[in-house]
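Working notes for the structure below.
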């Protein structure tokens, strides 16, 4: 079974180097050498990560310029964000419950403070 | 190197069965048997997926009830959504460019229509 698009996207994002490469591309396109600079990693290792990102449609490599710069492609990130959006009410509820609990603790402490 | 939290989360989400299990848990906690029902998959295979989700902190299994129901834990999903949020302006820009392009096409077609 060939993996679905969303699985390919999440799998590509499941690596700190690949996420750092995407973060770097936010400030504009870059060559492989430029992308490799911050990492203690061989160029072939970085190239391998770029291939994973390219296959996931998260980056695009220009065919025109000789240095073939990489650019960010945000479409798959939008699909991933759309999927996560369905769960937003869950984490917002958890944060509300935590707020309620902290509020209760504070009230109890204030009451305790008055008795002393 | 032990993988970071975000990589563990994205890796756990990179599977359609695991995402379907999380989607099922939106409507409330469920036993392993209940979670396995929609899948053409053995119970041990489903259990394996649940272990991945549990290790990623995406589900919690009750220690109290004998049937040990699974419940959704949305914290890691929030962290993943927060990470993706940094790229929102990128996909919104792409959609704006597409809108502009479609608008241009429409104008051109209208002009063409007037000439005929």
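Given the criteria buried (at least 17 other Cβ atoms within 10 Å of the Cβ) and farther than 26 Å from residue B:8 by Cα, does residue A:80 qualify? Judged against the criteria, residue A:80 is not a match. Within region A:56-72, the residues that satisfy the criterion of being touching a helix residue (DSSP H, G or I) at 6+ places or on another chain (Cβ under 6 Å) and either part of a loop (DSSP other than H, G, I, E, B) or within 9 Å of chain B (Cβ to nearest Cβ) (or both) are A:56, A:57, A:58, A:72. For region A:83-93, the tally of residues that are surrounded by 15 or more Cβ atoms within 10 Å (Cβ to Cβ) and either in a helix (DSSP H, G or I) or out of contact with any strand residue (DSSP E or B) (no Cβ under 8 Å at 6 or more places or on another chain) (or both) stands at 4. Is it the case that residue A:100 is more than 24 Å from residue B:13 (Cα to Cα), within 14 Å of chain B (Cβ to nearest Cβ) and over 18 Å from the mean Cα position of the chain (by Cα)? Answer is no for this residue.
Kindly indicate whether residue B:26 is within 13 Å of another protein chain (Cβ to nearest Cβ) and surrounded by 12 or more Cβ atoms within 10 Å (Cβ to Cβ). Criteria met by residue B:26.
Mind listing just one residue for me: the one in region B:1-26 that is modelled with pLDDT of 90 or more and assigned to a loop (DSSP other than H, G, I, E, B) and, of those, farthest from residue B:68 (Cα to Cα)? First the steps, then the outcome.
Residues of region B:1-26 that are modelled with pLDDT of 90 or more, as a first pass: B:4-26.
After this cut, where a residue has to be assigned to a loop (DSSP other than H, G, I, E, B) as well, the list is B:4, B:14-15, B:26.
Details: B:4: 28, B:14: 25, B:15: 23, B:26: 17 Å.
Applying the filter and picking the extreme gives B:4.
Selection over region A:73-87 of residues that are farther than 15 Å from residue B:86 by Cα and in contact with a helix residue (DSSP H, G or I) (Cβ under 7 Å, 6 or more places away or on another chain) gives a count of 2.
The set of residues in region A:1-23 being more than 8 Å from chain B (Cβ to nearest Cβ) and more than 18 Å from the chain's Cα centre (by Cα) consists of A:1, A:2. With the requirement that a residue be over 20 Å from residue A:91 (Cβ atoms), in contact (Cβ under 8 Å) with a residue 12 or more places away in the chain and within 14 Å of chain A (Cβ to nearest Cβ), what does region B:29-51 give you? Hits for region B:29-51 are B:39, B:41, B:49. Looking only at residues of region A:29-75 that are more than 17 Å from residue B:7 (Cβ to Cβ) and under 14 Å from the mean Cα position of the chain (by Cα), we find that the one that is surrounded by the fewest Cβ atoms within 10 Å (Cβ to Cβ) is A:75. Within region B:38-46, not a single residue is in contact with a strand residue (DSSP E or B) (Cβ under 7 Å, 6 or more places away or on another chain), closer than 30 Å to residue A:77 by Cβ and part of a loop (DSSP other than H, G, I, E, B).
The values are calculated or read from the model by the stated rules, or taken from the named source; none is laboratory data. Computed from a predicted model, the values in this text were never measured in an experiment. No Cβ is skipped: glycine too gets one built from the backbone with ideal geometry, and neighbour counts run over all protein chains shown.
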